[in-house]
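Read through the structure below, which is laid out as structure tokens, and then see the notes.
The values are calculated or read from the model by the stated rules, or taken from the named source; none is laboratory data. These numbers come from a predicted model, not from an experiment. So basically every Cβ, Gly included, is an ideal-geometry build from the backbone, and we count neighbours across all protein chains shown. In case anyone asks, the SASA skips ligands and DNA or RNA and just uses the protein heavy atoms, side chains included. Shrake-Rupley method; radii C 1.70, N 1.55, O 1.52, S 1.80 Å.
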Amino acid sequence: MKLGFLVDLSLCMGCKGCEIACKVENEVPLSSWRLRVKYIDIGVFPETKRSFTPLRCNHCESAPCERICPVSALHYLENGIVNIDSSRCIGCAGCMMACPYGAIYMDPETNTADKCTYCAHRIESGMMPACVVVCPVEANIFGDIEDDNSHISRYIMEHKGAVQVRKPEKHTSPTHFYVGGGNQTLNPLAHQRLEGFSLFNNITHLEHVGDQHHSILDRFLAPFAGHAKLNNDNFTAMQENVETHSKEGGH
Amino acid sequence: MVENTIHATQAIVTLDVPIQGIVWGSIITVNMWAKSIGTGVVFLAAYLLYRHKKESMPNLRWIMPVIAFIALNVFLFFTLIDLHQPYRMIHIYTHPHWTSSITVGAWLASLFLGLVTVLLLIGVADAFPTLGGKNCKMSALARKNSAVYEKIMPFLVFLAIPVTTYTAIIMAQSSARELWQAPAEVMQMLWAAFMAGSAALILVSGSWSKEARKDLAFVLTIAVFFSFAMYMSEYFFSFKSSEAEATLAFVHAGGAYNVEFWTGMTLGFIIPFFLGLSSIKSDNITLLRLAAILALVGLFLVKDVWLKIPQMLPLS
């Protein structure tokens, strides 16, 4: 058995239901995302269209994150899921450097790496991942890609020639597929990500890795003294410097 | 070119979450810089001991392991403090994952530090017989096994090669950062070790013979020249992927990283090259020391830029 994911981007309407369901199901802390939906506007007015791209871990068959993890915190399950054991993670961030899809984050509460696990705990109980269940248009298709009769296998066969993976040149063999996407949506270098206020929100980048109040000293003291519990204020107080990237000579 | 691609697609992100900024920052730069010194002094000491008599470098036998010991401890300390769960570093030894160059490197560096510590004990005990008092058993043991120093040295030099280059393999395994995927990284690590090692030894070579110092100046000059040439090749040649090109735009396009990069190149490579060249001809120890300090500062700045800019690029 090899579990895989397929997103039909022509069906996705950008409701972000999957993003919210994932957050709730996995108790993903503020400032972190296992799954996110990115809006990209393509074209020049009046010939424009908006695309919605859900982005999550690709559970690669040749996962760079699994290879670089020095303590096997990232490991394969028998069903092909790239799982993570946060109790073993040392927080070196090697996996964050290795993942070509930027799918791994440093959990600000545990200060260990974390990511989408295809809801491995739900799969174990015979349930579907939370994002699949909540999708109102069934754009998220999940199942065994080694079973020719599974929904996902039939979908892939029906859309032969139109099925894509992100960054195939990385030779990671993702088990996460897209239908209905184009270079503009799947290639991060083929669209502009201008930092600052956009149509909907202030597009920015995180100025901290993990817990922003977890200083180097705290890393050593926290097991004995504990450290401040996170709340919304910790994150709303963040001041994004939208000019930072342009000052640094960025794009 | 990336810009043309974006222009052609006319695509722009209108809603997204914040993405990660720099994950491996200046702490990792210190880590790499200190490791270059720690391994570099071993390479240079072996070269000098092969070329010259011990008498022409009276303090080399003990000062080399002292510098290496301090530098390697700085390297390991900064490795530790960069971990978000520092107490779990022990997992690298209790749950090693051998496909990871981080694991292999940590084991090799630990072994390397162990051997350097042995050299340190022997070298210091031989040089300072009264250290620790007459009844110090450790000093006596070290002096008794003085010959072990020369036996360990070849293994240490051999081990210094993977210890100094394994960071390049970590970078190769960091497949999200295209700029680090160049095979040139391995050579850059070795040149950095020769640069840092010769610079560190120049600073303590006041009592050495002119010939030995001339050799250090020669190695420093050659190392900065070839390292500079390799950086420039990577900087200007367009053999790279579009991701690596986009990464280098953070330097090409001006801004803070452009200033840091060229300051590092000027201080650490261009000026030391000419100072080193002049010191080969005339033994001016003050200028040579200036070249050594500038090389160490410049090396840090350039490594810092090369480490950070690939992390600025959006991955998804």
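Projecting the Cα atoms of A:C60, A:F45, A:P100 onto the charge dipole of the stretch A:3-182, computed from C-beta unit charges around the Cα centre, puts A:F45 farthest toward the positive end. Ligands, DNA and RNA left out, the 1.4 Å accessible surface of chain B is 72% carbon and sulfur atoms. Here the stretch A:3-182 is treated with +1 on each Lys and Arg Cβ and -1 on each Asp and Glu Cβ, and its dipole about the Cα centre works out to around 580 debye.
Counted residue by residue at 0.36 nm each, then reduced by the alpha carbon distance between them, the extension gain from B:I222 to B:A253 reaches 8.2 nm.
Look at the stretch B:90-97: the mean tally of other chain Cβ atoms within 10 Å of its residues' Cβ atoms is 5. How much of the accessible area of the stretch A:3-182, in percent, comes from carbon and sulfur atoms when a 1.4 Å probe is used? Heavy-atom surface of the stretch A:3-182 belonging to carbon and sulfur, 1.4 Å probe: 52 percent. Using just its DSSP H runs of length 4 or more, each adding -39500 (n - 2.57), chain B gives a mean residue ellipticity at 222 nm of -24000 deg cm²/dmol after division by all residues. With the simple model of a label 7 Å out from the Cα in the direction of the Cβ, A:L30 to A:D218 spans 1.4 nm.
The count of lysine pairs in chain A that are at least 8 places apart or cross chains, and whose C-alpha atoms lie under 16 Å apart, stands at 4. Full extension of the chain between A:E78 and A:E124 yields a length gain of 15.4 nm, computed as 0.36 nm times the residue separation minus the alpha carbon distance. Taking every full run of DSSP H in chain B, the ones that stretch at least 20 Å from end to end by Cα along their long axis and average 0.5 or higher on the Kyte-Doolittle scale are B:26-51, B:60-82, B:101-127, B:148-173, B:184-202, B:210-236, B:285-308. Accessible area per residue was computed with a 1.4 Å probe on protein heavy atoms; A:C18 scores about 10 Å². Under 5 Å between amide hydrogens, built in the peptide plane, is the criterion, and for A:C92 it picks out B:H84 among residues at least 5 positions away or on other chains.
Within the full protein context, the accessible area of B:I90 is estimated at about 90 Å² for a probe radius of 1.4 Å.
Accessible-area loss of 10 Å² or more (1.4 Å probe, protein heavy atoms, chain alone versus all protein chains) is found in the stretch B:17-50 for B:V17, B:P18, B:I19, B:Q20, B:G21, B:I22, B:V23, B:W24, B:I27. Ordered by 1.4 Å accessible area with all protein chains kept, B:F237, B:F43, B:F225 run largest first as B:F237, B:F225, B:F43.
Counting Cβ atoms of other protein chains within 10 Å of each residue's Cβ and taking the mean over peptide B:249-256 gives 4. Under a model in which nothing but the beta-carbon of Lys, Arg (+1) and Asp, Glu (-1) is charged, the protein assembly as shown shows a dipole of about 2240 debye around its Cα centre. When each of the peptides A:152-165, B:29-42, A:49-62 is scored by the mean number of other C-beta atoms lying within 10 Å of its residues, the order from highest to lowest reads B:29-42, A:49-62, A:152-165. Interface residues of the stretch A:89-104, defined as a loss of at least 40 Å² in heavy-atom accessible area between the chain alone and the complex of all protein chains with a 1.4 Å probe, are A:I90, A:C92, A:M96, A:M97. With contacts defined as alpha carbon pairs under 8 Å and 6 or more residues apart, what's the relative contact order of chain B in percent? RCO, chain B: 24 percent. Using bins of 10 Å that start at zero, the share of Cα-Cα pairs per bin across the stretch A:3-182 amounts to 9, 37, 38, 14, 2, 0, in whole %. Peptide B:308-316 shows a mean partner chain C-beta count of 6 within 10 Å per residue C-beta. Dipole magnitude for chain B: computed about the Cα centre from +1 point charges on Lys and Arg Cβ and -1 point charges on Asp and Glu Cβ, it is near 1500 debye.
Averaged over its residues, the protein assembly as shown has an accessible area of 42 Å² per residue, based on protein heavy atoms and a 1.4 Å probe. Estimated purely from DSSP H runs of n ≥ 4, each contributing -39500 (n - 2.57), the mean residue ellipticity at 222 nm for chain A is -5500 deg cm²/dmol once divided by its residues. Under 1.5 on a/c is rounded, so check that first for chain B, then, if it is not, pick prolate when a/b is larger than b/c and oblate when it is not; a ≥ b ≥ c are the square roots of the alpha carbon gyration tensor eigenvalues. Since a/c reaches 1.5 but b/c is at least a/b, the shape of chain B is classed as oblate. Working from label points 7 Å from Cα in the Cα-to-Cβ sense, the B:H95 to B:L141 distance is 3.4 nm. Per-residue SASA remark: B:M230, around 40 Å² accessible (1.4 Å probe; ligands, DNA and RNA not included). Sorted into 20 angstrom bins from 0, the C-alpha pair distances of the protein assembly as shown split as 19, 48, 26, 7, 0 percent.
The relative contact order of chain A, computed from alpha carbon pairs under 8 Å that lie at least 6 residues apart in sequence, is 24 percent.
Determine the total buried accessible area between chain B and chain A, counting protein heavy atoms only with a 1.4 Å probe; round to the nearest 100 Å². That pair hides around 6300 Å² of surface in total.
Note on B:S282 and B:T266: their simple-model spin labels are 2.5 nm apart, each label 7 Å out from Cα toward Cβ.
Mean shadow of the stretch B:196-312, computed from the convex hull of its alpha carbons, in nm²? Projected area, direction-averaged: 7.1 nm².
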